[in-house]
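Beneath this line is the structure, given in structure tokens, with notes to follow.
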Amino acid sequence: MSRESILGKLRKNKPVVTSEVSAFDFESGINATEEFIRSVKDVGGNVTGINSIENWGDWIKRSYGIGLNVYSEVASLIGNYLLDKEISNEQLNKIDVAVLEGEFGVAENGAVWVERFAHRSIPFITQHLILTLKGSNIISNMHEAYAELAEYGIPDFGVFISGPSKTADIEQSLVYGAHGPKSLTVVIS
Amino acid sequence: MTDHYESAKKFLKEPSKVDWHDETLWWVRKKRDRAAGEVDEWEELREAASNIKERALAELDSNLMEFEQKAIANGITVHWAASAEKHNEIISDLLRERNISRVVKSKSMLTEECGLNPYLENHGIEVVDTDLGERILQWKEHAPSHIVMPAIHLKKKEIGKIFAEKLKIPESDDPQLLTETARQHLRGYFLHSKAALTGVNFAVADTGAFVVCTNEGNADMGVHLADVHIASMGIEKLLPKTEDLAVFLRLLARSATGQPITAFTSHFKKPARGKEIHLILVDNGRSAILGKRGFWKVLKCIRCGACMNTCPVFRKAGGHSYHSTIPGPIGAILAPHYDSEKYGSLPFASSLCGSCTAVCPVKIDIDRQLYAWRQELTRGNGSQLLVSLIGKALQRNKLYDRLGVFLSMIQRRFPWIVNRVLKAYTQSRSLPDVPAESFKEWYKRNRDE
């Protein structure tokens, strides 16, 4: 009943709008990678080049500490923590460092689009998040991002991640690691 | 009627807090300016956003039907709620059918508007707010005072006190420590909740997908770990095309907090295997506002809160002084649609400076609507009569002169009468002294010299 009454009212009440809406005309920046790195840092993330990592295992130990559960979905890094076929919340909650592949990065806001993971909660529940990204997949702005998404179709679930989880709910003091990852590192290859 | 002027008094009792509130929101406003300044095409984006929204509202009926069809095909269950009660009932039924007695919830002004939390609590369902600010408010039993920064009316000492009381920890006013404490406290709820409630920032008709933005990641923590995701959405949030999201996501966080985008911008199209997504399309008065000439553009609002941060009245009086779900300038033109008696003083809680309109990312004519509401609300009552009498007096030279002499005499001899009549002005300021003669008298005396 609600449906018909709402649609009926909208039909009766909707205003007449004559202005035309055309696709937003935008210019692409030139140094997208440079701007992307600056943006990720501005939103509290870290950026590193794949070349500066000789050995993933050592690098993770050095950056995050020893004895951690490292879960990876990136081919070049084998993690030490695996998930069962039937994944439980408790199991997910033990991930210390998650390494996922980003599809593309957006220079204007440092966001990385992520849509492939064994479980949708992984980029949020992990204590620390690492996203890998091909340097050639960095684009200028959100218009290009949606053009990209239109080409492949919006996935069942996907997320732009820009920096670590944060809050400023207590007197506007910025604190990282509200509920999601306490740190985010983007590794550019 | 609850008078805004009266209800602002409570907040104004603590001048140091008022100053802090004022300065902090102004600082957020400046962050917004900086973020907007970094985008060359900012004004074009605002114009595009305004046009897209106006067009989308003019086609809302057909857009909603397209959205519904696509969403259902994707496996999302779509519900329609004409009223707040219907919305609450749908959620309560969904939870009871599944024997769920506790839910985690992320921030949603719509559920505040519908009074969902008290409704569910009355039906034996515990609601755990997971946005840090909202969790604090839930403990304090306060309503949000700002739509983006819900606990901006509280100082960290007060927050530390409530943490100590509720979580039995030593009192602290360290935001880092308090946030970490809340993280650990709420993680247990995330891991064990069967259902999660969220709002919706945008939905798109062409794919049937919807978008939820958070900085904390709490919406995603809730929904991905639960079996059932229930999303509440005001019907005006619908955009026609996926590419429209680019325009709005570039504007939203920059306008709200000066961030280029929120930390997490999640796109939901299909439920994960074995899980459910329910989306509730809520009207609750929106379709009626759509039919009001001169007022319908208020529905373009994307709830960024920029108009609050810039408003001199909001910054000084605090969000609770508006006693409406959505406070500030946008709340002042929205709330009277729901109850023009109860919220009738809100359009007057403004200097009509127009700063709200200048920062609005979707170009809502807030100041013009504030003025239009004043016309509407005073039609045929005493104050409009008074204004028309003053207008007549100003047109008549002699009457004006006599009135001037008379009123000066009153103010000189019986200042208490003036102070009583102009109480709102005089209780915190003094009226200027009455000059010995009027300018006209002075001119007459001096023109020949």
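Does anything in region A:128-148 have its amide N under 15 Å from the 7 Å Cα→Cβ label point of A:Thr33, and if so which residues? Counting backbone N atoms under 15 Å from the label point, the list is A:133-140. Scanning chain B for long hydrophobic helices, with DSSP H runs required to stretch 15 angstrom or more by C-alpha along their axis and to average at least 1.0 on the Kyte-Doolittle scale, returns B:244-256. The simple spin-label model puts a point 7 Å past each Cα toward its Cβ; for B:Arg98 and B:Lys440 those points are separated by 7.5 nm. Here r is the Cβ-Cβ distance between B:Lys342 and A:Asn46 and R0 is 56 Å; the resulting FRET efficiency, rounded to 0.05, is 0.65.
With respect to chain A, whose longest principal axis is taken over its alpha-carbon atoms, helix A:142-152 is tilted by about 90°. Taking trypsin sites (Lys or Arg not before Pro) as exposed when DSSP calls them loop (any state but H, G, I, E, B) and at most 11 other Cβ atoms lie within 10 Å, what is the longest stretch of chain B free of them, the sites themselves excluded? Free of exposed loop sites, the longest segment is B:14-167. With contacts taken as Cα pairs under 8 Å and at least 6 residues apart, chain B reaches a relative contact order of 22 percent. Set the Förster radius R0 to 45 Å, insert the Cβ-Cβ distance between A:Ser19 and A:Asn93 as r into 1/(1 + (r/R0)^6), and round the FRET efficiency to 0.05. With a Förster radius of 45 Å, E is 0.35. Note on the protein assembly as shown: helix-only mean residue ellipticity at 222 nm, from DSSP H runs of 4+ residues weighted -39500 (n - 2.57) and normalised by residue number, equals -13500 deg cm²/dmol.
By the Cβ-Cβ criterion of under 4.7 Å, the unpaired cysteines of chain B are B:Cys114, B:Cys213, B:Cys301, B:Cys304, B:Cys311, B:Cys353, B:Cys360. Relative intensity of region B:212-353 on a log10 scale, I(q)/I(0) at q = 0.10, 0.14 Å⁻¹, equals -0.44, -0.84, per a Debye sum over C-alpha point scatterers of equal strength in the absence of solvent. Taking a straight Cα-Cα cut-off under 21 Å and skipping sequence neighbours fewer than 8 places away in the same chain, the lysines within cross-link reach of B:Lys440 are B:Lys392, B:Lys398. Using +1 at the C-beta of Lys and Arg and -1 at the C-beta of Asp and Glu, which of A:Ala32, A:Gly163, A:Ile53 has the Cα lying farthest in the positive direction of the dipole of chain A? It is A:Gly163.
Counting pairs of alpha carbon atoms under 8 Å apart in space and at least six apart in sequence, what relative contact order in percent does region B:60-284 give? Relative contact order comes out at 29 percent.
Heavy-atom accessible area buried between chains A and B is around 6600 Å² (1.4 Å probe, both sides summed). Candidates B:Ala71, B:Thr111, B:Gly328 compared by Cα position along the dipole of the protein assembly as shown: farthest toward the positive end lies B:Gly328, with charges placed on Cβ. Would you mind checking region B:317-331 for residues with the amide N under 20 Å from a putative spin-label position 7 Å along Cα→C-beta of B:Gln427? The answer is B:317-324.
Determine the dipole magnitude for the protein assembly as shown: charges of +1 sit on the beta-carbon of Lys and Arg, -1 on that of Asp and Glu, nothing else is charged, the reference point is the Cα centre, and the result goes in debye to the nearest 20. The partial results should precede the final answer.
Working: 80 positive and 80 negative charges, 555 e Å.
Charge dipole, the protein assembly as shown, about its Cα centre: 2660 debye, nearest 20.
Charging the Cβ of each Asp and Glu at -1 and of each Lys and Arg at +1, and nothing else, the dipole of chain A about its Cα centre rounds to 600 debye.
Per residue, how much accessible area does region A:29-188 show when a 1.4 Å probe rolls over the protein heavy atoms, in square angstrom? Spell out each step's value before the answer.
On the way: 6520 Å² over 160 residues.
Accessible area per residue, region A:29-188: 41 Å².
Restricting the chymotrypsin sites (Phe, Trp or Tyr not before Pro) of region A:20-115 to loop positions (DSSP other than H, G, I, E, B) with no more than 16 neighbouring Cβ atoms within 10 Å leaves A:Tyr81.
The values are calculated or read from the model by the stated rules, or taken from the named source; none is laboratory data. A quick note: this is a predicted structure, and the numbers were derived from the prediction, not measured. Using ideal geometry, Cβ is built from the backbone for each residue, glycine included, and neighbour counts are taken over all protein chains shown. Surface accessibility is based on the protein's heavy atoms, side chains included, excluding ligands, DNA and RNA. Shrake-Rupley method; radii C 1.70, N 1.55, O 1.52, S 1.80 Å.
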